[in-house]
Amino acid sequence: MKEDKILGYLGLATKAGQIVSGEFMTEKAIKEGNAKVVIVAQDASDNTKEMFRNKCEYYNVPIYIFGDKDKIGHAMGKQFRASVAITDDGFAKAIKKQFEVK
């Protein structure tokens, strides 16, 4: 897994308007079927991680616990973010590929 590449993809997806962030918007994207991949920060609360794990399992959306809130937010040009959902197939595929790299 290449952390810099994943953060770079988050930045590109943000500029392309293919990402939503924050608990409410991420949860909404999952429920509406728009989320292709969900990323939750490692330093998010246990309740947040568990809630997103359950939602993603139910709606069959890949979820990754990755990075910290500050790095994710910084990559997006925003303040800290605990959760993001990628809504584009191309960005989702590229990010999933990075998580599969050893």
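The values are calculated or read from the model by the stated rules, or taken from the named source; none is laboratory data. Worth saying up front: this structure is predicted, and the values here are computed from it rather than measured. Neighbour counts are summed over all protein chains in view; Cβ atoms, including those assigned to glycine, are modelled from backbone coordinates with ideal geometry. Surface accessibility is based on the protein's heavy atoms, side chains included, excluding ligands, DNA and RNA. Shrake-Rupley method; radii C 1.70, N 1.55, O 1.52, S 1.80 Å.
Couple of notes before you dig in:
- With contacts taken as Cα pairs under 8 Å at a separation of at least 6 residues, the chain carries a relative contact order of 42 percent.
- Using a probe of 1.4 angstrom and keeping all protein chains present, the accessible surface of the chain works out to 58 square angstrom per residue.
- With semi-axes defined as the square roots of five times the eigenvalues of the C-alpha gyration tensor, the equivalent ellipsoid of the chain measures 17, 15, 14 Å, largest first.
- For the chain, the Cβ-based charge dipole about the Cα centre amounts to some 280 debye (Lys, Arg positive; Asp, Glu negative; other atoms uncharged).
- Protection proxy ranking of 30-43, 88-101 - average other beta-carbon atoms within 10 Å, highest first: 30-43, 88-101
- 16 Å reach of a label modelled at Ile65, 7 Å along Cα-to-Cβ, counting backbone N of region 1-45: 38-45
- Sorting 46-53, 65-72 by their mean Cβ neighbour count within 10 Å, with the most densely packed peptide first, gives 65-72, 46-53.
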